[in-house]
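Below is one structure; the comments refer to it alone.
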Amino acid sequence: MQFGRYYEEFEVGAVYRHWPGKTVTEYDDHLFCLLTMNHHPLHMDAHYAETASQFKRNVVVGNYIYSLLLGMSVPDVSGKAIANLEVESLRHVAPTFHGDTIYGETTVLDKRESGSKPDRGVVSVETRGYNQDGTMVCVFRRKVMVPKREYAASAVPEGVDPERPSFPEPR
């Protein structure tokens, strides 16, 4: 299985559907909130959400959904990345709730060779996340710096497969 792409493998207009999806649990949401110190009651307090929010239930924290979609896209988009350069835009389009399943897809918007280093290029992509009903919940655009195939091949010692690292023999 391929993990990421070299610059030459990206085609403007290509769409990568990320698999598998992820069902978001209450535990996932609460753990992410606690790890990031986002204790907003909309995410953590069921009574508050039922009585004081328009949704009448907890809403999954948006940064978890963004992070989930970003992670889903790594095998298809940035698995070989030299650097994630920027997130140009991020929009949470609809709420996500505990029990929703998130699916993602990424479209290649643009690509250009680096102006300063001939061994790499910059790829612009848009990732969209949908729930199990097909409702878009999140969309973001980012730029990723990726190596060219020729450079990657010359940077690896002969006989070493960077896709399948070797491990020391057990003693």
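The values are calculated or read from the model by the stated rules, or taken from the named source; none is laboratory data. Predicted, not measured: the structure shown is a model, and the values here were computed from it. Positions of Cβ are generated from backbone atoms using ideal geometry, with glycine treated the same way; all protein chains shown enter the neighbour counts. The protein model used for the area step is the full one, side chains on, heavy atoms only, and it has no ligands, DNA or RNA in it. Shrake-Rupley method; radii C 1.70, N 1.55, O 1.52, S 1.80 Å.
Annotation for Asn38 and Glu86: the two label points, set 7 Å from Cα along the Cα-Cβ direction, are 2.3 nm apart. Taking all protein chains as they are arranged and a probe of 1.4 Å, the heavy atoms of Leu90 leave approximately 70 Å² accessible to solvent. Partner lysines whose Cα lies under 29 Å from the Cα of Lys56, excluding those fewer than 8 positions away in the same chain, are identified as Lys22.
Couplings 3J(HN,Hα) of segment 129-146, computed from phi: x, 10, 8, 4, 8, x, 7, 5, 10, 7, 9, 8, 10, 8, 10, 10, 8, 10 Hz, in residue order, whole Hz [Karplus 6.51 cos²θ - 1.76 cosθ + 1.60, θ = phi - 60°; x for Gly and Pro]. For segment 69-126, the relative contact order comes to 28 percent (Cα pairs under 8 Å, sequence separation of at least 6). A crude spin-label estimate for the pair Asp133 and Lys117, with each label 7 Å from Cα along the Cβ direction, gives 4.5 nm. Between His18 and Gly104, Glu105, Thr106, the built amide H atoms are under 5 Å apart, and every one of these is 5 or more places off in sequence or on another chain. The phi torsions of segment 70-86, fed into the Karplus equation with coefficients 6.51, -1.76 and 1.60 and a -60° offset, translate into couplings of 4, x, 4, 7, 4, x, 8, 10, 10, x, 10, 4, 7, 7, 8, 7, 6 Hz, rounded to whole numbers, with Gly and Pro shown as x. Amide hydrogen proximity for Gly79: with H placed 1.01 Å from N in the peptide plane, the residues at 5 or more positions away or on another chain lying under 5 Å are Gly4, Arg5. Centre-to-centre, using Cα atoms only, segment 22-45 and segment 53-116 are separated by 17 Å. Tell me, what is the Rg over Rh of the chain, with Rh the Kirkwood radius over Cα pairs? Ratio of gyration radius to Kirkwood radius: 1.08.
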